[in-house]
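Working notes, beginning with the structure itself.
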Amino acid sequence: MDTTDWLKAAAQVVPSERQLKWQQMEFYAFIHFTVNTFTDQEWGMGNEDPAVFNPSDLSARQWVQTCKSAGMTGLILTCKHHDGFCLWPSQYTDHTVAASPWRNGTGDLVKEVADACREGGLKFGVYLSPWDRHEASYGDSERYNEFFKNQLRELLTHYGDVFCVWFDGACGEGPNGKRQVYDWEAYYALIRELQPEAVISVCGPDVRWCGNEAGHTRASEWSVVPAYLQDNEKIQEQSQQVDDGEFASRINTQDADLGSREVIRQHEDRLIWYPAEVNTSIRPGWFYHASEDDQVKSLDELLGIYEGAVGGNANFLLNLPPDRRGLIHEQDAERLQQLGDFVRGTYQQSLAVGAQISASQTMDEEHAAIQILREEPDTFWYPSEGTEQAWLVVELPEEKRFDRVVLMEHIRSGQRIERFTLEAKGESGDWQELYYGTVVGHKRICSFDATTAKTIRLTIHESRWCPTLSWLGVHLSKQEVGRNGSSDI
Ligand code: FUL
């Protein structure tokens, strides 16, 4: 294949319907809650007495309301973590909420959370740890695989629609531990059968773990990557192996480039759509520890992670650990409200409404440049096929002050932009660079020092086959609005 052929092929790798729907969710919660919450552990041993599980004031509605205040669109619950304790009364083990004093052993937390999500308009997802330190059949591969599929079946048939099944790569079995051979293919087949719309994340074919738990997103996060990245063995190797409290802050710099031309060229015949998810916790631990009450991430930290992930072609899965009352702690709830206020205040309205747009070239009328101001996901601009470089000029109705530009590609057509520059026209008519970037994908948030201008230029220096753009938003961050003492800019 010559360069044009393989790049064109790479440009035409596209997401599945379920991946597209998932990508639009952008920001959603992880909830880590189990016996660990009551024993002050991160990794339970599996021998915890179910009697310790006894939240005093549990309210799934409070979780959902808190997530909504942050602007989240879904929630993934640890239905079973590595300790094997089930938050639903599974028929296949006694190690469940049914053996706990909570709601006199009649409770079903998976149901309470799924119901609260539905009521509040959040999508619901399940985390079911493949590694199980309690279950006696673990390590007796066939038996455990049956047990695991039975549990999956319970979760996927009793609680309504599930948007995600999240399979953790973590396994802390040491050299003398039990070696379980997971039957991934059978798990996937069952999920596809019972919940065909659900994405399977991390140890799964639909959503790629970003590779760290520190909230770090690659500078160029490609959704089109070599298929070998789906290798569960490799994902497991890179996952947490020991409960040392240090893993969560580590960034693996080895795999910094997964999708540039140089990388995919070597795998040109085996490229897949495998978009990234960034997962981190609002506190150092995944589970609640009173000792971490004063270590809730600051608004600036959360914003940095949010804008890096959601604005860096990844979805953001932020963990919120409920406390022993069964509530998201006041400190965390307040921070999440602040985050939601910032995101809504900054991004809800674009200052480019009513702007004039011109482009170096346009494919046809249906894909005219003005389409980048329409919010519908399937309206977009593109130049004629084979045009790898292009520019767009945005002429605002009047001068505006702004410090963010949001770009979105039409990813249903693939991911193509590789290098671009944003500039603003200065008073003397010269172009001043605001931002230099690489990939765009679902969304790129370009953030720079606040500037005042009427004319903005986006130059696409390099793209695969031809670029597409479905959205260009111009914004002033809420902090800047505050700094200027008025939102009326
Ligand atoms: C890791 C696990 O070991 C942690 O406890 C947590 O569940 C995190 C999301 O994934 O691999």
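The values are calculated or read from the model by the stated rules, or taken from the named source; none is laboratory data. If you're wondering where the values come from, they're calculated on a predicted model, not measured in any experiment. For neighbour counting, all protein chains shown are included, and Cβ atoms are generated from backbone atoms with ideal geometry for every residue, glycine included.
Inspect all residues belonging to the stretch 298-307 and state whether any of them is within 16 Å of the ligand (Cβ to nearest atom) and either closer than 24 Å to T39 by Cα or in contact with a Ser or Thr (Cβ under 7 Å, 6 or more places away or on another chain) (or both).
yes
Being at positive phi and over 17 Å from the mean Cα position of the chain (by Cα) narrows it down to one residue among G285, G259, G245; which is it?
G245
Within the stretch 245-271, restricting attention to residues that are crowded, with 18+ Cβ neighbours inside 10 Å and not in a helix (DSSP H, G or I), which residue is farthest from the ligand (Cβ to nearest atom)?
L271
Table: residues versus (1) within 20 Å of A9 (Cα to Cα); (2) surrounded by 22 or more Cβ atoms within 10 Å (Cβ to Cβ); (3) in the same structural domain as Y306 (by TED's automatic domain parsing).
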site: R401; (1), (2), (3): no, no, no
site: H410; (1), (2), (3): yes, yes, no
site: I417; (1), (2), (3): yes, yes, no
site: S428; (1), (2), (3): no, no, no
site: V439; (1), (2), (3): yes, yes, no
site: H442; (1), (2), (3): yes, yes, no
site: T451; (1), (2), (3): no, no, no
site: L458; (1), (2), (3): no, yes, no
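Pairs, please: C-beta under 7 Å, at least 6 apart or cross-chain, first residue at pLDDT 95 or above and in the stretch 122-138, second of a type in the set (S, T, N, Q) and within 11 Å of the ligand (Cβ to nearest atom)?
Pairs that qualify, where the first residue is at pLDDT 95 or above and the partner is of a type in the set (S, T, N, Q) and within 11 Å of the ligand (Cβ to nearest atom), are Y127/T78.
Which residue, of E366, E385, is in contact (Cβ under 8 Å) with a residue 24 or more places away in the chain and farther than 20 Å from K478 by Cβ?
E385
What tally of residues in the stretch 377-429 results from selecting those that are touching a strand residue (DSSP E or B) at 6+ places or on another chain (Cβ under 8 Å) and of a type in the set (S, T, N, Q)?
3
Just checking, how many residues over the stretch 68-117 are of a type in the set (K, R) and either surrounded by 20 or more Cβ atoms within 10 Å (Cβ to Cβ) or touching a Phe, Trp or Tyr at 6+ places or on another chain (Cβ under 7 Å) (or both)?
2
Has the stretch 42-56 got at least one residue that is away from the ligand (no atom under 14 Å from the Cβ), under 29 Å from Q337 (Cα atoms) and of a type in the set (G, A, S)?
Yes; the residues of the stretch 42-56 include at least one that is away from the ligand (no atom under 14 Å from the Cβ), under 29 Å from Q337 (Cα atoms) and of a type in the set (G, A, S).
With respect to G44, determine if the residue is modelled with pLDDT of 95 or more and at positive phi.
No; evaluated as a whole, the condition is false for this residue.
Give the number of residues within the stretch 147-175 that are of a type in the set (D, E), surrounded by fewer than 20 Cβ atoms within 10 Å (Cβ to Cβ) and within 15 Å of the ligand (Cβ to nearest atom).
Qualifying residue count for the region: 1.
For the stretch 235-244, check the following and say yes or no: at least one residue is among the aliphatic types (A, V, I, L, M), in contact (Cβ under 8 Å) with a residue 24 or more places away in the chain, surrounded by fewer than 12 Cβ atoms within 10 Å (Cβ to Cβ) and within 16 Å of the ligand (Cβ to nearest atom).
So far as the stretch 235-244 goes, yes, one or more of its residues are among the aliphatic types (A, V, I, L, M), in contact (Cβ under 8 Å) with a residue 24 or more places away in the chain, surrounded by fewer than 12 Cβ atoms within 10 Å (Cβ to Cβ) and within 16 Å of the ligand (Cβ to nearest atom).
Of all residues in the stretch 272-287, which are within 13 Å of the ligand (Cβ to nearest atom) and either among the aliphatic types (A, V, I, L, M) or assigned to a loop (DSSP other than H, G, I, E, B) (or both)?
V278, I282, R283, P284, G285, W286, F287
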